[in-house]
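One structure is given below, encoded as structure tokens.
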Amino acid sequence: MNLGQRNKVSVNGNMSSMTDLVFLLLIFFIILSTLVSNGVNVELPKAKGTNSVTSKLTVSIKPDGSYYLDGGEVVYGDLESLIRIRMSDVSDPVIYLQVDESVPTGQTVELIGMAKANEWKVMLGATPKK
């Protein structure tokens, strides 16, 4: 008497559709990562050395005197209150300051003074010297 199973079920699955899905997701995230921009294009001054502190907030000043907070343009009068709101839940607030090299020093000093008054750390952006 033959009690064995006549129709054998294949336990192995077909992985070709799974690999197609993984490659599509990989392509999607690669394209998405190239489109994400976290700042404003400014011509940074050149300096030796680097800083390894990470920042949650980027403030940029363009040559025409316009201010940007994480890539969005803001008025200087609103800048301090907007930074204060963003830094309210951060334990060690650090501001990454990107100032174009043609911006007058006075504007940079005003921002650094604002940060010092609010006890925020400032990290200045620079292009490495060759």
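When 22, 94 are sorted by how many other C-beta atoms sit within 10 angstrom of their C-beta, beginning with the fewest, the order is 22, 94.
Can you give the local net charge around residue 83? Use residues other than it whose beta-carbon is closer than 14 angstrom to its beta-carbon, Lys and Arg +1, Asp and Glu -1. All intermediate terms of the calculation are to be shown ahead of the outcome.
On the way: positive: 56, 84, 86, 116, 121; negative: 70, 78, 80, 89, 110, 119.
Taking every Cβ under 14 Å from that of residue 83, the sum is -1.
Each Cα pair under 8 Å and six or more residues apart adds its separation to the average, and for region 53-125 the resulting relative contact order is 36 percent.
With a cut-off of 10 Å between beta carbons, the residues surrounding residue 70 carry a summed charge of +2, where Lys and Arg count +1 and Asp and Glu -1. The length gained on full extension between residue 101 and residue 28, counted as 0.36 nm times the residue separation minus their Cα-Cα distance, comes to 22.7 nm.
Read the figures in this text as sums done on the coordinates, not as results from a lab. This structure is a prediction, so every number in the text was calculated from the model and none was measured. Backbone-built Cβ (ideal geometry, glycine too); neighbour counts: all protein chains shown.
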